[in-house]
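Chemist: What follows is a single structure, and I will ask about it in a moment.
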Amino acid sequence: MSDNRVPEIKTVAAPDGVEGAGFFATSLEKVVGIARANSLWPLPFATSCCGIEFMATMGSHYDISRFGSERPSFSPRQADLLMVMGTIAKKMAPIVKQVYEQMAEPRWVLAMGACASSGGIFDSYSVLQGIDRIIPVDVYVPGCPPRPEQVLEGLMRIQELAKNESLRRRDSPEYQALLASYNIK
Ligand code: SF4
C-alpha cells in the first residue's frame, strides 16, 4: 500500500442462530456449510491458455488463499472443486469424467472460460462443446480468458452454493437423477 493505513480485516460472518449472554446456538448444517465454503480445495484441470490466468489467480496479487483455496490438489480424492480451464478435446473427455467420478461427495465443478463452458472459438469436430456434455457444472465463468477477478467471483459463487447446500441434497432423488442423466453412479 502506498500509505500507512492498516487494511480493514473482515472475518467470516456467523451463521443465523440464537445468541445470548455466553452462548450461541445454530444448526450443524450451517456450521458445516461455512467450514466447507471456506476450505474448498480446487483440482485445476488446465489444458491451455485459461490455465495461465488461473496461475495468476493463485499468485500473491490476487491471492486465492484469502478464500481458503490455496491448496490445489492434483489428486481427485483430496479435492472438492473441479476447475476445468481450457479447451477439452473429445479424446480428453473421458479423462475429465474419470477425474470427476474419482472425487468424493460433496464436489463442485467450475467451468472456466469459453472453451470449457461451450467449446469457445473451436467449433470443430474434435473439441467438446462444453464440459456440461459429460459432467454437471455448477458455475460457468465467461471470457477468453476470464480475468483473475472473474475466477475469484466464480469461486465465491461456489462458496455460496457450498454454504447454503442442505446436508441431504446429495442423497436427494433430484441429485441422483442429475447424475444418472450423465450416466454417473
Ligand atoms: S477460453 Fe480462450 S483463453 Fe481460455 S482456453 Fe479457450 S481459447 Fe484459451
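Chemist: ALA14 to SER181: extension gain in nm, 0.36 nm per residue of separation minus the Cα-Cα distance?
Modeler: Gain on extension, ALA14 to SER181, equals 56.4 nm.
Chemist: I've got another one for you. Would you order LEU128, LEU81 from fewest to most other beta-carbon atoms within 10 Å of each residue's own beta-carbon? Don't skip to the end; give the middle numbers.
Modeler: Details: LEU128 22, LEU81 25.
Taking fewest neighbouring Cβ atoms as first place, the list is LEU128, LEU81.
Chemist: For the chain, what number of Lys pairs, 8 or more residues apart or on separate chains, have alpha-carbon atoms under 30 Å from each other?
Modeler: Final tally of qualifying lysine pairs is 9.
Chemist: Convert each backbone phi in the range 82-87 into a coupling constant with the Karplus relation 6.51 cos²θ - 1.76 cosθ + 1.60 (shift: θ = phi - 60°), then list the ³J(HN,Hα) values in order as whole Hz, x for Gly and Pro.
Modeler: Karplus values, whole Hz, x for Gly and Pro: 8, 10, 9, 9, x, 6.
Chemist: Let me ask something additional. Once amide H atoms are placed 1.01 Å from N in the peptide plane, what residues at a sequence separation of 5 or more from GLY130, or on another chain, have their amide H within under 5 Å of its amide H?
Modeler: SER118, GLY119
Chemist: Can you put TYR125, TYR100, TYR175, TYR62 in order, fewest other beta carbons within 10 Å first?
Modeler: Neighbour counts put them in this order, fewest first: TYR125, TYR175, TYR62, TYR100.
Chemist: Of all alpha-carbon pairs in the range 63-118, indicate the percentage at a distance above 18 angstrom.
Modeler: 37 percent
Chemist: Here is a follow-up. Helix 28-37 versus the longest principal axis of the chain: what is the Cα-based angle in degrees, 0 to 90, to the nearest 10?
Modeler: The helix 28-37 is inclined about 60 degrees to the chain.
Chemist: By the scheme Lys and Arg +1, Asp and Glu -1, what is the net charge of all other residues having a beta-carbon under 11 Å from that of LEU128?
Modeler: +3
Chemist: Just to verify a number: FRET efficiency for LEU167 and VAL6, C-beta to C-beta distance, R0 = 35 Å, to 0.05?
Modeler: Here the calculated transfer efficiency is 0.35.
Chemist: Hey, what D do you get for the chain in µm²/s if you plug the Kirkwood alpha-carbon radius into Stokes-Einstein at 25 °C and 0.890 mPa s?
Modeler: Rounded, D is 138 µm²/s.
Chemist: While we're looking at this one, here's another question. To test your reading of the geometry: what angle, between 0 and 90 degrees and rounded to tens, separates the Cα axis of helix 93-102 from the longest principal axis of the chain?
Modeler: The two axes meet at around 30 degrees.
Chemist: Sticking with this structure for a sec: Around ILE88, under 12 Å between beta carbons, what's the net of Lys plus Arg minus Asp minus Glu among the other residues?
Modeler: Charge balance near ILE88 sits at +3.
No lab work stands behind these numbers, since they all come straight from the coordinates. For clarity, every value in this text was computed on a predicted model and none was experimentally measured. As a convention, Cβ positions derive from the backbone with ideal geometry for all residues, glycine included, and neighbour counts pool all protein chains shown.
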